[in-house]
Every structure is written in structure tokens, then in C-alpha cells.
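Visitor: First the structure, which I've put down as C-alpha cells, then a few questions once you've had a look.
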Amino acid sequence: MSTKDKSLTVNGRRYAWPKAPVVVVCIDGSEPAYMDQAITAGAMPWLAKALPMGTKRLADCVVPSFTNPNNLSIVTGAPPAVHGICGNFFYDRQAGTEIMMNDPKYLRAGTILAAFASAGASLAVVTAKDKLRRLLGHGMTGICFSAEKADATTKAEHGIDNALAFVGRPLPSVYSADLSEFVFAAGVKLMERYRPDIMYLSTTDYIQHKHAPGTKVANDFYRMMDGYWAELDAAGATIVLTADHGMNAKHGSDGKPQILFLQGLLDEWLGAGKARVILPITDPYVAHHGALGSFATAYLPEGSDVAAIAKRIAARAEIELALTRNEAARRFELPADRIGDIVVVSRKEFVIGTSADRHDLSGLDAPLRSHGGVSEQRVPLYCNRPAPALSADARLRNFSAFDLALNYAEPVSQPAAQRRAV
Ligand SMILES: [Zn+2]
């Protein structure tokens, strides 16, 4: 069988073999308004030209609208109920400890990346932060490294020696726009040198947490990305752009964050420390959001009237939804064994905290913008190629990014492209 007719099935979905190099980009925290406003401001000349000839749709990400669950959904083509990663933490009730889910041993499904690599495709994955690298690269042969640790790559572990020298840029700070720029600079270099069949590039939302759509800093960031995408496009790549989640302002007109402290509330209702609130956004890099997002899960004491407590929480003005474990697992396609007795989602303008003394907000040097809820579920699903067979009214998901790139995107015919260029 020639590779032209070859396809692979991964987690129940069939994927055609790439006809041209495929680049899937996950722009962390890219609320749709960022690209809309940057295009309007003239900051994205390549995208402004590419979209009318390509595909411009919106899709829903996975709730919790957090980074890891969504990146893993994109590379597995499946929701967290299948791959198991539903946040940065889950609570081991028996051990009484919070367990970090950064380790690939918590992954319950293989990735599209690993499947194509074992079928003989060449793969390259570049992430901004190192926390995602091992999960995304699990079981995959090929190149896989993070911008954060580009100075410590080896052929054996990352598929490339000294990625820092290869990319030829200084090592970026983990709290910077440079961290994401490094990802794209690496992507362009990798395309020139190795022309991988499939590339996955994933950025960090450092800019989106601090700067609203249409601001100068945001537009400059999107202008930077646009320049690199133009280079990948010129190399003949099929490019799909999506996001792990959106991003909204979570502060009042006074600039102060609007927080419901859920642990405090449950302590008041049930007794101090009886319930355990888990904020799965918590990670080692909290300075830009203070571990405050719009999603929480709570473990209630034995014998609690779970439905009644959920109802009482849902009645709060700050809250959009409070669901029991099974309701949440069904509605958001989550692994029921890795969420608490209740799942709580706040409204667009609010975040959920544990208690005031447990959030260090000293690193917040701008009014809080964050994510995690249903209000951050809408994300772009764009492609530089047309996809006429894609249903016009179906609910699209960000984890259909590889489906769009491999099964729906139509290659541009050379003569037509040349005609347009004249
Ligand atoms: Zn993110």
C-alpha cells in the first residue's frame, strides 16, 4: 500500500496519512477576539490573506478549560474521559494527598503523534513549558523538546542534541513572550532542516493572562506569530491553528480579582477542613494567575447530601454550574475517578479560590485574567486550506484539529496558487 492510501486509527478515529507537512498549533489562551482584533489592526497580514482561501471556524475546547487537559485532547483526538488528564492535580482520597498529573503514567490513551511515528512518519513537537513535553511526547519517536529547557536536549531523550544552538536564539525566560516565540522559531528551523510529516507546536498564555485582545502588546504578540506562520505556509505546510482555551477578565472595575473562596464556604457550612477543594489549575508556575481559575472540584465528607450542597453552591451569584460527579463526568466527558463529589464552574467574571490565605497574589502585576470555565470554551479552529466537506453546522471541538488537518484540509492546487500570486 502506498502512503497515499494509508490511514491510521487512533482512539476510535481514522486519520489519513499527511499529503503535505502538517503543522498543528495550539495557541495557549487564544480567545477568538485576539486574532479578530489583530487582523482588524493589520497586525496579521498573512492570516488575513490565508483565511478567506482557507477555513475559519469556532470550536469548543474541553472543560475544565485548562492547558493540559486540552493539549492532551488535541494530540489524542479524544476527551479527558479517554486520555485521563483532567487538570494538573487530582486528589487521592485514600492517601489524603494531591497528586500531580504531569507524569505520562497518568495518561490512559496513546497519542496521534506516537501512532504516526510508529507507522513511519517523521514527527516534531515543540512546547513552551517543559511540564507538557513528557506528556505530549509519550511513546513517540522523533524530535520533542521544550523552549524552557532547550539548553538541555539530547538526541537520546529529545531526538535532537543542543536544540538551543540549533534554533540559534538565547534561552527565553519562562515568564515571557520570548518563550512562545522560541517555539515558532524552532518550528521554522525544523521545517527547513527536517521537513517533518507532522509537527505540533504549543505556546504559553503568559501574554493572554496579562493583556486583553486588541491591546498593543497582544497585537504585537500575534504579529510575531503571523510572521512565522507565513514562513511555514511558504514551505507548503497545511497549518491548523487552535487554542487550548479562551481567556477572560476576572476582575471588577476596581481592578481587584472577583473570587469565590469555596473552601471557606464549605468550611462554614460543613465544619473546618471537612471538605477538600481542589483547584486543578494549580501548577508550579502560578505567578500570572495566582492559581485562580473558573473551575474547582470538591471532595465532601462521607454521608453528605451531595445534590443539596451542589444546589446550594449553584445558587451563588458567582457560580454558573455546580454538578455532581456523574453529571460532570457525563456533561464534560471527564474521568469520574479523577474528579471530586462535586464540580463547580464560576461565571465569566469570577474565579474560584480555596481560602484567601492560600493564594499568593503578589505575582499578579496586572488585573486578573484567567480561564477554566464554560465561559472560556470557545476557541478558533482555523486552517490555511479549504475544508469544504467539514459540516457547516456540526459542533466542532479543538481536539478535531488533526482530523481537520489530515482528513478535511484540501491541498491547494499549484496553478491556482500561482494565478492568485500574479
Ligand atoms: Zn493554557
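The values are calculated or read from the model by the stated rules, or taken from the named source; none is laboratory data. As the structure is a prediction and not an experimental result, all values here were calculated from the model. Every residue, glycine among them, receives a Cβ derived from its backbone with ideal geometry; neighbour counts consider all protein chains shown. What goes into the accessible areas is simple: the full protein's heavy atoms, side chains included, and nothing from ligands, DNA or RNA. Shrake-Rupley method; radii C 1.70, N 1.55, O 1.52, S 1.80 Å.
Visitor: Residues that are within 24 Å of residue 21 (Cα to Cα), assigned to a helix (DSSP H, G or I), touching a Cys at 6+ places or on another chain (Cβ under 9 Å) and without any contact (Cβ under 8 Å) to a residue 40 or more places away in the chain: does the stretch 158-172 have at least one?
Guide: Scanning the stretch 158-172 turns up at least one residue that is within 24 Å of residue 21 (Cα to Cα), assigned to a helix (DSSP H, G or I), touching a Cys at 6+ places or on another chain (Cβ under 9 Å) and without any contact (Cβ under 8 Å) to a residue 40 or more places away in the chain.
Visitor: Working only within the stretch 60-76, note down all residues that are in contact with a His (Cβ under 9 Å, 6 or more places away or on another chain) and within 10 Å of the ligand (Cβ to nearest atom).
Guide: Within the stretch 60-76, 61, 65, 66, 67, 69, 70 meet the criteria.
Visitor: Can you name every residue in the stretch 11-37 that is open to solvent by less than 30 Å² (accessible area, probe 1.4 Å) and either closer than 19 Å to residue 244 by Cα or within 16 Å of the ligand (Cβ to nearest atom) (or both)?
Guide: 22, 23, 24, 25, 26, 27, 28, 29, 30, 32, 34, 35
Visitor: Go through the stretch 198-305 and tell me which helices (runs of 4 or more DSSP H), entirely inside it, have 2 or more residues that are at negative phi, within 16 Å of the ligand (Cβ to nearest atom) and open to solvent by 10 Å² or more (accessible area, probe 1.4 Å).
Guide: It comes to 206-210.
Visitor: Right, next: Looking at (1) farther than 22 Å from residue 212 by Cβ; (2) assigned to a loop (DSSP other than H, G, I, E, B), find the lone condition where residue 65 falls short.
Guide: The failed condition is (1).
Visitor: Residue 375 is checked against (1) open to solvent by 10 Å² or more (accessible area, probe 1.4 Å); (2) more than 16 Å from the ligand (Cβ to nearest atom); (3) touching a residue at least 12 places away in the same chain (Cβ under 8 Å); (4) not in a loop (DSSP other than H, G, I, E, B) and fails just one. What number does that condition carry?
Guide: (2)
Visitor: Right, another one. Given the criteria surrounded by fewer than 17 Cβ atoms within 10 Å (Cβ to Cβ) and under 19 Å from the mean Cα position of the chain (by Cα), does residue 58 qualify?
Guide: Answer is yes for this residue.
Visitor: Another one. I'm told residue 328 meets every condition in (1) under 14 Å from residue 64 (Cβ atoms); (2) within 19 Å of the chain's Cα centre (by Cα) except one. Can you identify the failing condition by its number?
Guide: Looking at each condition in turn, residue 328 falls short on (2).
Visitor: Another question about this same structure. Could you say which residue among 382, 408 is at pLDDT 95 or above, open to solvent by less than 10 Å² (accessible area, probe 1.4 Å) and not polar (S, T, N, Q)?
Guide: 382
Visitor: Can you tell me which residue among 84, 120, 96 is within 26 Å of residue 196 (Cα to Cα) and away from the ligand (no atom under 16 Å from the Cβ)?
Guide: Among 84, 120, 96, only 120 is within 26 Å of residue 196 (Cα to Cα) and away from the ligand (no atom under 16 Å from the Cβ).
Visitor: Now for a different question. If you check 322, 329, 298, which single one turns out to be under 27 Å from residue 83 (Cα atoms) and in contact (Cβ under 8 Å) with a residue 60 or more places away in the chain?
Guide: Residue meeting the stated conditions: 329.
Visitor: If you go through the stretch 76-105, how many residues are surrounded by 15 or more Cβ atoms within 10 Å (Cβ to Cβ) and either in contact with a Lys or Arg (Cβ under 7 Å, 6 or more places away or on another chain) or at pLDDT 95 or above (or both)?
Guide: So the answer is 14.
Visitor: Sticking with this structure for a sec: Just to be sure I understand, how many residues within the stretch 350-370 are of a type outside the set (Phe, Trp, Tyr), in contact with a Lys or Arg (Cβ under 7 Å, 6 or more places away or on another chain) and buried (at least 17 other Cβ atoms within 10 Å of the Cβ)?
Guide: Of the residues in the stretch 350-370, 4 are of a type outside the set (Phe, Trp, Tyr), in contact with a Lys or Arg (Cβ under 7 Å, 6 or more places away or on another chain) and buried (at least 17 other Cβ atoms within 10 Å of the Cβ).
Visitor: Just checking, does the stretch 160-181 include any residue being within 16 Å of the ligand (Cβ to nearest atom) and at pLDDT 95 or above?
Guide: Checked the stretch 160-181: at least one residue is within 16 Å of the ligand (Cβ to nearest atom) and at pLDDT 95 or above.
Visitor: Do we have any residue at all in the stretch 47-55 that's crowded, with 21+ Cβ neighbours inside 10 Å, in a loop (DSSP other than H, G, I, E, B) and not hydrophobic (A, V, I, L, M, F, W, C)?
Guide: Among the residues of the stretch 47-55, at least one is crowded, with 21+ Cβ neighbours inside 10 Å, in a loop (DSSP other than H, G, I, E, B) and not hydrophobic (A, V, I, L, M, F, W, C), which makes the answer yes.
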